[in-house]
Amino acid sequence: MLMAASLVLLMTPALALFYGGMSRQKSVLNMMMMSFGSMGLVGIIYLLWGWSMSYGGQSVGGVFANPFEMFGLSGVIGDASGWVASGSGAYPQVVDVAFQVTFAIITVALISGALAERVRFGTWLAFAGVWVTLAYFPLAHMVWGGGLLSHSETGIAARIFGTVDDGEGGLTAAVAPIDFAGGTVVHINAGIAALVLVLLIGKRLEFGRTAYRPHNLPLVMLGAALLWFGWFGFNAGSAFGADGAAGLAWVNTTAAAAAAMLGWLLAERIRDGHATSLGAASGVVAGLVAVTPAAGSVSPLGAVALGAVAGILSALAVGLKYRFGYDDSLDVVGVHLVAGLWGTVAIGLFATGTFDTAAGLFYSADGWKLLVIQAVIAVAALVFTAVMTTIAWAICRPLGWRIDATDEQSGIDGSQHAETAYEPSTTALIR
């Protein structure tokens with residue numbers, strides 16, 4: 001579990017490389033700093049009240065847990081700390097804290113890709129702290145902490161299709177929702193937050209008039225490769241043990257990413273006549289996003305189908321920002337929201353019923369019930385996060401969201417960080 005946690009932590013610097021390479025050279029440092037800033041801020045907040053809000057035992061209406069119950073990890077550290085059951089036995093609860101904090105960090109960092117070149121760094125950090133508290137911790141509690149979107153007897157799923165005996169003297173939802181590693185908590189959460197923010201903050205000054213091209217495609221591909229590597233901790237680690245579920249998640253993660261890359265490249269080839277390196281990197285990420293909620297519940301062939309569709313859907317979706325006029329700078333909406341929604345809902349089609357999960361429509365006559373539940377939790381996550389993101393944006397508005405127009409034209413790196421990524425001599429070579 002500590003190795004899995006380390007792999008997931010690596011994903012945020014990998015995301016910084018991925019986003020940094022996709023940015024223009026005058027904004028690459030700011031883009032990378034938004035990811036690193038998320039690591040610093042969320043890494044502290046999670047230990048103070050994030051773990052308690054997400055996994056504390058004192059639930060408030062099934063939406064969030066008492067932030068003061070385990071404030072500063074009180075009661076978690078030491079010989080008296082609880083133990084978490086897993087497929088391989090058990091491990092100390094503090095190890096689970098180590099694993100879960102990395103999920104909170106990268107979810108916040110994912111949002112930043114939609115805001116390239118125009119947002120004050122200080123306001124971004126303030127927003128990150130408010131948003132992770134209002135949106136991420138509650139959604140983690142609702143889905144994974146026994147709240148409204150979980151298998152709990154008091155959750156939405158139980159209210160729709162009733163409850164059954166869980167075999168341990170309690171009740172659980174008759175048709176339990178499935179989110180193996182974060183389709184709702186991470187990707188739908190970050191994707192809809194990104195969409196709300198770009199609509200509220202507005203476009204870059206030159207959006208629609210200037211071609212925004214990645215300044216360093218090798219950096220993009222390196223970032224994508226490291227994201228793929230770290231994603232094995234993300235998905236296989238979410239089995240919480242070195243067992244068959246972890247092995248299935250690992251294989252499905254590879255299959256979906258590979259299929260999505262090919263699907264994206266095929267869509268590019270048919271639409272544009274070229275298969276690009278940026279498309280290959282983006283396709284890998286789209287497949288990883290889509291399989292995240294489904295990694296432990298679909299077959300490898302199901303993962304291939306899931307990934308291929310995700311690659312095609314995301315390749316088409318990234319162009320919607322030009323049609324509808326929202327400036328999703330680095331395609332967070334097109335990749336994370338679209339592929340996250342597809343992966344979450346598609347569980348209702350492809351789930352095989354392995355490892356005590358419900359079966360989907362392609363494997364069971366009652367599979368429509370799981371399809372309904374998956375759609376319900378996806379919509380619930382969309383609505384909840386959209387509202388919380390709007391509130392977080394409003395709270396931070398007095399700080400000023402946009403940098404000055406002159407600073408945006410000259411480059412956000414200089415105005416916000418007093419640095420440049422490349423010396424003038426190297427700039428000429430890169431160009």
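General remarks:
- Furthest towards positive pole of dipole, 222, 141, 47, structure part the chain, Cβ charges: 222
- Excluding ligands, DNA and RNA, the accessible surface per residue across the stretch 1-90 is 42 Å² with a 1.4 Å probe.
- Rg over Rh, two decimals, the chain (C-alpha only, Kirkwood Rh): 0.96
- Only helices reaching 24 angstrom along their own axis (Cα) with mean Kyte-Doolittle hydropathy no lower than 1.0 count here, and for the DSSP H runs of the chain these are 2-22, 28-45, 93-111, 217-236, 300-317, 367-396.
- Given charges at Cβ of Lys, Arg, Asp, Glu: the chain dipole, positive-most of 311, 250, 293: 311
- Overall, the accessible surface of the stretch 1-145 at a probe of 1.4 angstrom is composed of carbon and sulfur to the extent of 71 percent.
- Global geometry of the stretch 228-338, whether rounded, prolate or oblate, following the gyration tensor of its Cα atoms and the 1.5 cut on a/c: prolate
- The order of 420, 107 by accessible area, most exposed first and with a 1.4 Å probe, is 420, 107.
- Debye intensity ratio I(q)/I(0), log10, the stretch 276-419, q values 0.13, 0.18, 0.20, 0.21 Å⁻¹ (C-alpha model): -0.73, -1.07, -1.18, -1.23
- Extension gain for residue 406 to residue 69 (0.36 nm times residue separation, less C-alpha to C-alpha distance): 116.6 nm.
- Once the 1.4 Å probe is applied to the protein heavy atoms, the stretch 174-327 comes out at 36 Å² accessible per residue.
- Gyration tensor (Cα) of the stretch 317-389, equivalent ellipsoid semi-axes in angstrom: 29, 14, 9
- Here the stretch 192-207 is scanned for amide nitrogen atoms under 19 Å from the site 7 Å beyond the Cα of residue 322 along Cα-to-Cβ, giving 203-207.
- Value of relative contact order over the chain, rounded to a whole percent, pairs C-alpha under 8 Å and six or more apart: 21 percent
The values are calculated or read from the model by the stated rules, or taken from the named source; none is laboratory data. Since this is a predicted model, take the numbers as computed values, not measurements. In this analysis, Cβ positions are derived from the backbone assuming ideal geometry, glycine residues included, and neighbour counts consider all displayed protein chains. These area figures cover heavy atoms from the full protein model, side chains too; ligands, DNA and RNA do not enter into them. Shrake-Rupley method; radii C 1.70, N 1.55, O 1.52, S 1.80 Å.
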